[in-house]
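Structure, as structure tokens:
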Amino acid sequence: MTKSRSLLMVVLMGGAILLGASSCATVSKEPLTSGELRLLSAGLPVVGVVKIGMPYEVKITFIADGEPRIRRACFSWSGEGPYCYPIKPQDVAYGSPGSFSIMLLPAFAGAYRAECYVEYYQGTKILRTNVVNFYLDVMM
């Protein structure tokens, strides 16, 4: 019993370390450049069941130099997409970190690895942030 419990703990700790390393891998450690926006995370703020046809909230957190104007958030689910949604300036909370939420509507049941990036204005240029991932399980 002790041997199997120890093996289980090693496997769980290894998985946790790999998950932590992979979620941080896309976030640069370099200082922000002037006007830059960098995503920290995206995910469901409330743990619960996501059902087909029922909207769910995705909360996106970021850091930024100043208050760059966010144009839209784009998502891919297990490689399908991107699907982009406009973000209203009044829906963005700037801070350290800043955040905004968006309501999405799942179309198909299944387990998905979702990716998210944001397009924002830096002066007159439209730039894209880094990509962050989250996991989603959609039920019937």
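The values are calculated or read from the model by the stated rules, or taken from the named source; none is laboratory data. It should be emphasised that the depicted structure is a prediction, and the values quoted were computed from it without experimental measurement. Here the Cβ positions follow ideal geometry from the backbone for every residue, glycine too, while neighbour counts run over all protein chains shown.
For region 47-86, which residues satisfy the criterion of being among the aliphatic types (A, V, I, L, M) and either within 25 Å of residue 30 (Cα to Cα) or exposed (fewer than 13 other Cβ atoms within 10 Å of the Cβ) (or both)?
47, 49, 54, 60, 63, 64, 70, 73, listed by residue number.
Which count do you get for residues in region 120-140 that are surrounded by fewer than 18 Cβ atoms within 10 Å (Cβ to Cβ) and touching a residue at least 60 places away in the same chain (Cβ under 8 Å)?
Residues meeting the conditions: 9.
Can you tell me which residues in region 46-69 are closer than 12 Å to residue 119 by Cβ and assigned to a strand (DSSP E or B)?
Scanning region 46-69 gives a single hit, 69.
Any chance you could count how many residues in region 70-80 are in a strand (DSSP E or B) and modelled with pLDDT under 95?
2
With the requirement that a residue be at pLDDT 85 or above and more than 17 Å from residue 107 (Cβ to Cβ), what does region 47-68 give you?
Selection gives 59, 60, 61, 62, 63, 64, 65, 66, 67, 68.
Right, residue 86: modelled with pLDDT under 95 and touching a strand residue (DSSP E or B) at 6+ places or on another chain (Cβ under 6 Å) or not?
The answer is no for residue 86.
Tell me, which residue of region 90-140 that is assigned to a strand (DSSP E or B) and of a type in the set (S, T, N, Q) is modelled with the lowest pLDDT?
Here the answer is 122.
As an exercise: evaluate residue 14 against (1) modelled with pLDDT under 85; (2) closer than 13 Å to residue 135 by Cα and give the number of the one condition it does not meet.
Of everything listed in (1) modelled with pLDDT under 85; (2) closer than 13 Å to residue 135 by Cα, residue 14 misses just condition (2).
Can you tell which of 32, 44 is closer than 24 Å to residue 140 by Cα and at pLDDT below 95?
Result: 44 is the single residue among 32, 44 that is closer than 24 Å to residue 140 by Cα and at pLDDT below 95.
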